[in-house]
Amino acid sequence: MKEITKALKKLNSGVVLVAVASESHKANAFTAAWVMQVSFNPVLLAISINPEHISYDIFKEGRRCTVNVLAESQMEFAAHYGQSGVADKMSLGTWLESDSAVPVLQEALVSFECQWLNEVAAGDHQVVICEVIASKILNEGVAMLYSDTENMDGSAELVAEIK
Ligand SMILES: Cc1cc2nc3c(=O)[nH]c(=O)nc-3n(C[C@H](O)[C@H](O)[C@H](O)COP(=O)(O)O)c2cc1C
């Protein structure tokens, strides 16, 4: 494994499922590790999303998402929602709709409901800044770490060589 890939795993984070919905698409969700709080007041999150993901267009149209934090034991969820174009993607887990009709994963540790504010281009991703409009503590447990997922996201092949 490249040194930069190993080094980036030390810049650790939690692992979440970002769920999206809009009027013209059925709901979808994807695994994400590049999600962080970026403001106290208002409470803002930054979500880095690859615009080629099925979820991106749905999110851009629907303007709402939920960020569902996984527990360390939920590796199956991280792997399932880390795949694209899966038939019946939302079949794993119990998803109930939030007040604004975005799915909330009932097995998550916590869930944040967010409103899209703006986006910034960042290399091969778009960073979407969202305002947290609701939060729910759902279950007790220890959060999964990105480093626990090893090469599940294919980062060993995707990270550019440092010149
Ligand atoms: C552990 C892990 C972390 C990931 N983190 C992100 C991320 O932060 N941003 C992103 O755009 N994709 C991330 N992905 C990739 C997406 O989850 C994956 O490409 C997914 O298939 C996209 O689903 P969709 O096309 O149905 O929207 C990650 C995948 C894994 C397994």
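The values are calculated or read from the model by the stated rules, or taken from the named source; none is laboratory data. Nothing here was measured: the structure is a model prediction, and the numbers come from that model. Methodologically, a virtual Cβ is constructed for each residue, glycine included, from the backbone with ideal geometry; neighbour enumeration extends over all protein chains shown. Accessible surface is based on the protein model in full, side chains and every heavy atom, while ligands, DNA and RNA are left aside. Shrake-Rupley method; radii C 1.70, N 1.55, O 1.52, S 1.80 Å.
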(request) Go ahead and estimate [θ] at 222 nm for the chain from helices alone: -39,500 (n - 2.57) per DSSP H run with n ≥ 4, summed, over the residue count, rounded to 500. (result) -4000 deg cm²/dmol
(message) Can you give the FRET efficiency to the nearest 0.05 for Gln115 and Asn50, using r as the Cβ-Cβ distance and R₀ = 22 Å?
(response) 0.55
(message) Give me the count of lysine pairs in the chain whose alpha carbons sit under 14 angstrom apart, restricted to pairs 8 or more positions apart or on different chains.
(response) 4
(message) As a test of reading the structure, rank Ile58, Ile162 by solvent-accessible area (1.4 Å probe, protein chains only), most first.
(response) Ile162, Ile58
(request) Report Rg (one decimal) and Dmax (nearest whole number) for segment 3-158, counting Cα atoms only, units Å. (result) 14.6, 45
(message) Of the candidates Asp148, Asp57, Asp88, which one comes out as most mobile in a Gaussian network treatment of the chain with C-alpha springs shorter than 10 Å?
(response) Asp88
(request) Note down the nm distance, to one decimal, between modelled labels 7 Å out along Cα→Cβ at Leu145 and at Gln83. (result) 2.8
(request) Let me have the relative contact order for segment 3-158, percent, based on Cα pairs under 8 Å that are six or more residues apart. (result) 29
(message) Test of understanding: in a Gaussian network model of the chain with alpha carbons linked when under 10 Å, which of Ser100, Ser48, Ser91 would top the mean-square fluctuation ranking?
(response) Ser91
(request) Could you please report the charge total around Leu96, scoring K, R as +1 and D, E as -1 over all other residues with beta-carbon less than 13 angstrom from its beta-carbon? (result) -3
(request) Report the full-extension gain for the segment Asp57 to Leu158: residue separation times 0.36 nm, less the Cα-Cα distance, to one decimal in nm. (result) 34.1 nm
(request) Taking only Cα atoms and a 10 Å spring cutoff, compute GNM fluctuations for the chain and point out the largest among Ala122, Ala108, Ala32. (result) Ala122
